[in-house]
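Before any comments, here is the structure.
The values are calculated or read from the model by the stated rules, or taken from the named source; none is laboratory data. What you are looking at is a predicted structure, and each value in this text was computed from that prediction instead of being measured. Every residue, glycine as well, gets a Cβ built from its backbone with ideal geometry; the counts of neighbours run over all protein chains shown.
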Amino acid sequence: MDIEVLRRRRGKAIAALAALPGWVGGSLVQTRRVQAGTARPFRYLSRSVAGRNRVTYVAAGELAAFRTAVKAGRRAAVLLERVSERTVAILKAEARQQRQGGAR
């Protein structure tokens, strides 16, 4: 595939990533905790940071915003992978082009 086409496609993926509103990586976990003998809902965002698990409490009023951000985070992960794949293709195409140009 033409290098310029790959660059344009990578650029579109980068633009789509930049256009995503507030996204976070991780998982939204909902469970129950017992406090004073009563089971109550408990929600938190679980994410890995530098190989360590980080947990952030999510209040009931914040749940919708966090759901939206986690969903956007999944989309961001797909876009980041797309950017990476296109970058690999560009690097390989450039190397191939240099080899062919140097052999002439």
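Checked against (1) surrounded by 15 or more Cβ atoms within 10 Å (Cβ to Cβ); (2) within 12 Å of the chain's Cα centre (by Cα); (3) of a type outside the set (S, T, Y); (4) modelled with pLDDT of 95 or more, L28 passes all but a single condition, namely (2).
Considering V58, V70, the condition of being touching a residue at least 40 places away in the same chain (Cβ under 8 Å), over 30 Å from K92 (Cβ atoms) and either among the basic types (K, R) or touching a Leu at 6+ places or on another chain (Cβ under 7 Å) (or both) is satisfied by V70 alone.
Only one of these conditions is not met by E85: (1) over 21 Å from A13 (Cα atoms); (2) free of Cβ contacts under 8 Å to residues at least 24 places away in the same chain. Which number is it? In the conditions (1) over 21 Å from A13 (Cα atoms); (2) free of Cβ contacts under 8 Å to residues at least 24 places away in the same chain, E85 misses (1) alone. Scan segment 45-71 for residues that are within 22 Å of L20 (Cα to Cα) and assigned to a strand (DSSP E or B) and the total you get is 6. Within segment 20-44, the residues that satisfy the criterion of being in contact with a strand residue (DSSP E or B) (Cβ under 8 Å, 6 or more places away or on another chain), without any contact (Cβ under 8 Å) to a residue 40 or more places away in the chain and either in a loop (DSSP other than H, G, I, E, B) or closer than 19 Å to E62 by Cβ (or both) are V29, Q30, T31, R32, R33, R40, P41, F42, R43, Y44.
Residues in segment 76-104 that are surrounded by 14 or more Cβ atoms within 10 Å (Cβ to Cβ) and of a type in the set (K, R) were compared, and the one that is nearest to M1 (Cα to Cα) is R86.
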